[in-house]
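Beneath this line is the structure, given in structure tokens, with notes to follow.
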Amino acid sequence: MPNYSDKDLVAYLDESLSMEKAADLEKLLRDPGQADHKDLLDRLQQIVLSRDSGTHTIGEIWKRHRLSCPSREDLGRYILEAISDEEANYIKIHIEVIECEICRSNLDDLQHSANQSQHAVIQDRRNKYFQSSVGRLRKQ
Ligand SMILES: [Zn+2]
């Protein structure tokens with residue numbers, strides 16, 4: 001696996017990195033399962049933040065390179081916290097730093113239905129409790 005220097009990352013941001021290297025780098029940035037994934041994301045973010053000229057934001061870069069959106073399933077697991085820290089971090093960056101509108105509204109939507117089903121479960125329990133209480137009262 002190739003290592004990327006800060007110079008490479010800067011070149012990537014300026015789109016002056018060789019196509020081949022850029023493609024490999026993007027693969028690492030897209031896949032939370034890759035060993036250097038988090039490290040590279042952090043470094044990339046650091047470089048973006050430390051740049052004075054506001055020509056790039058990590059969000060622009062992300063959108064331009066179409067770094068992948070997590071699937072709806074991943075977002076669902078993110079809400080349920082049934083996800084690895086690395087994956088959760090990726091999604092967090094994707095939504096909070098990159099501010100991907102699509103994923104944000106997907107997440108809102110999922111959150112909403114998660115709340116609803118939780119609410120339904122509680123409601124169901126209440127009903128059962130109520131019915132058994134009523135049943136007990138009737139027997140007395
Ligand atoms: Zn997205």
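The values are calculated or read from the model by the stated rules, or taken from the named source; none is laboratory data. Since we're looking at a predicted model, the values are computed, not measured. Cβ coordinates were reconstructed from backbone atoms using ideal geometry, including for glycine residues, and neighbour counts include every protein chain displayed. Heavy atoms of the whole protein, side chains included, go into the accessibility calculation; ligands, DNA and RNA do not. Shrake-Rupley method; radii C 1.70, N 1.55, O 1.52, S 1.80 Å.
Data for the structure
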{"read-out": "Cross-link reach list, aspartates and glutamates versus residue 92, counting only Cα pairs under 20 Å and skipping chain neighbours closer than eight places", "value": "26, 31, 36, 39, 42, 60, 73, 74, 81, 101, 108, 109"}
{"read-out": "Accessible-area composition of region 85-134, carbon plus sulfur, in percent [1.4 Å probe]", "value": "50"}
{"read-out": "Modelled FRET efficiency - R0 25 Å, residue 43 with residue 99, Cβ distances, 0.05 increments", "value": "0.80"}
{"read-out": "Distribution of pairwise C-alpha distances over region 64-111, 5 Å bins, in %", "value": "5, 23, 37, 25, 8, 2"}
